[in-house]
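The values are calculated or read from the model by the stated rules, or taken from the named source; none is laboratory data. Computed from a predicted structure; not experimentally measured. Heads up, the Cβs are rebuilt from the backbone with ideal geometry, glycines too, and the neighbour counts pull from every protein chain shown. In case anyone asks, the SASA skips ligands and DNA or RNA and just uses the protein heavy atoms, side chains included. Shrake-Rupley method; radii C 1.70, N 1.55, O 1.52, S 1.80 Å.
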Amino acid sequence: PRLCSTRYRVALVTHFANFILMAHSCAINITMVAMVNSTEPQPQLNSSTEGLPDDLLGGPPEVSQKLPAKAPVYDWSPQTQGILFSSAQYGMVLLQAPAGFLAGRVGTRKVVGVAVLGSSLLTLCIPLAAHFGLALLIAARVMQGLGTGYGGQFALWQRWAPPHERSTLCGISLTGMILGIFTVTLMGGIISQALGWPFVFYIFGGLGCVCCFLWFICIYDDPGSHPRISIPEREYILSALDHQVSSEKQSFPAKAMLRSLPLWSICFCSFCHQCLVNMFVMYTPTYISFVYKVNIRDNGLLSSLPFLVAWFVGILGGQMADFLLAKNFRLVTVRKIATVLGNLLPSVLIVALPYVSSSYITTITFLTLSCGLAPFCQAGIYINILDIAPRFASFLMGASRGLAHMAAVLVPIVCGLLLTQDPEFGWRNIFFLLFAVNLLGLVSYLIFGRADVQEWAKEKKLTRL
């Protein structure tokens, strides 16, 4: 049975590893509200908070905004905050492709396991780094990004996921990132108010060490090396993937990859979608604080709600994709439907946010839906490379994720500049820019996207004389 199978247990452990890695990366997004003197130096976008419940505000402003005296506070400008948000992404951009290549050579088990351990130790050191200066904090964040093993994990599904279960297994695995954002945003606000923001890093860093131990116990690179998998399941997976096994003796088709329009359309659309996703991840707490002036505990509650919805959608999106495939939908059609749902609808909803800011309920609803629908793309562009080039999926998915993560570097820099110049119109300009970028990426994918194995990715049969 699927839910009792080893491959689903592997997906759940990978889910937890992604949870930890993303929680480490995003912890600073919610603690930033407590780490700085103010995240909204200019007047709020709309002074009306009509419809905002009194109990949500947590009491009078002078009471609700109090934080533990032991937590240090820093005077960082929006540009500085943007640099801190993006600093971890520099490492991710540089090492996504190498991590994917390395995982294909030495195994996902080692690459991701070491990444989780390194990220956990660096997370524990973040408060100390902040104490000794901004430069050391940025360096720690960059090193944290270098240790993130997202690119290496896709080699796992190259060997563990049967084609007709690929969307579901990858969906379970990747939604761990969303659950990590939800948990660290929700608990980060509560922990920051109760104990001080440094404890957010201590607690999640400690959980990462536990996850690393669990990872090395439960994860193996392929069904053949797993000591506890049943023989029928091992034979089932190996037979399903038999035609996709990579041959080490064949050349690497670099030129053909660079000329592949389907591959470039996936990379470009992924980059555009990551611009939207990173805005949600990095700036949801800041936007809510800017508009409604809530305390950090309630900010964490409101900011985490969209990611809870996104977690459910991410899992259901994979199930939906496999269901449509079972109903004989074409694979390329399923991938494009999922991408449209995760790209176009969130872009339309987010561009309307500045016009509904006077209504608390409408704003939170639009924000929740726009963020919540975005994970549909996990069953679309983000696993499409497994369809078009399964033999080179580890490297190519790492490379495409690396290019997409360039958005995580650019978004905070651009947002910081726009918000510094004019916060009121800055948010509006950000949302319109995101809409335009995502529309461009979606159109390119709809035109050039494919789901059949490309000629350069097919295994060449050698003839014997």
For the range 351-386: of the residues being open to solvent by less than 10 Å² (accessible area, probe 1.4 Å) and in contact with a Leu (Cβ under 6 Å, 6 or more places away or on another chain), which is modelled with the highest pLDDT?
S370
G208 passes all but one of (1) crowded, with 18+ Cβ neighbours inside 10 Å; (2) more than 22 Å from A129 (Cα to Cα); (3) at pLDDT 90 or above; (4) not β-branched (V, I, T); which number fails?
(2)
Please determine, by comparing only the residues of the range 156-168 that are in a helix (DSSP H, G or I) and under 14 Å from N384 (Cα atoms), which one is most open to solvent (accessible area, probe 1.4 Å).
H164
Looking at L56, L45, can you tell me which residue is at pLDDT below 50, under 29 Å from the mean Cα position of the chain (by Cα) and part of a helix (DSSP H, G or I)?
L56
Say whether the condition of being within 18 Å of Y90 (Cα to Cα), among the small types (G, A, S), open to solvent by 10 Å² or more (accessible area, probe 1.4 Å) and not in a helix (DSSP H, G or I) is met by at least one residue in the range 118-141.
no
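Sort out which residues of the range 313-335 are within 21 Å of the chain's Cα centre (by Cα) and open to solvent by less than 40 Å² (accessible area, probe 1.4 Å), and write them in order of number.
Initially, the range 313-335 is screened for residues within 21 Å of the chain's Cα centre (by Cα), giving 313-321, 335.
If the condition is that a residue be within 21 Å of the chain's Cα centre (by Cα) and open to solvent by less than 40 Å² (accessible area, probe 1.4 Å), then V313, G314, G317, G318, A321, R335 are the ones that fit.
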Taking the range 406-460 and keeping only residues that are assigned to a helix (DSSP H, G or I), aliphatic (A, V, I, L, M) and under 19 Å from L261 (Cα atoms), one is left with V437, L439, L440, L442, V443, L446, I447, A457
Spot the failing condition for S265; the list is (1) touching a residue at least 12 places away in the same chain (Cβ under 8 Å); (2) open to solvent by 10 Å² or more (accessible area, probe 1.4 Å); (3) farther than 22 Å from E165 by Cα, and only one is missed.
(2)
Mind checking which helices (runs of 4 or more DSSP H) fall wholly inside the range 290-405 and carry at least 2 residues that are more than 30 Å from Q193 (Cα to Cα) and touching a residue at least 60 places away in the same chain (Cβ under 8 Å)?
296-326, 331-351, 384-388, 393-404
Any idea which of (1) crowded, with 18+ Cβ neighbours inside 10 Å; (2) closer than 25 Å to L21 by Cβ is the one I237 doesn't satisfy?
(2)
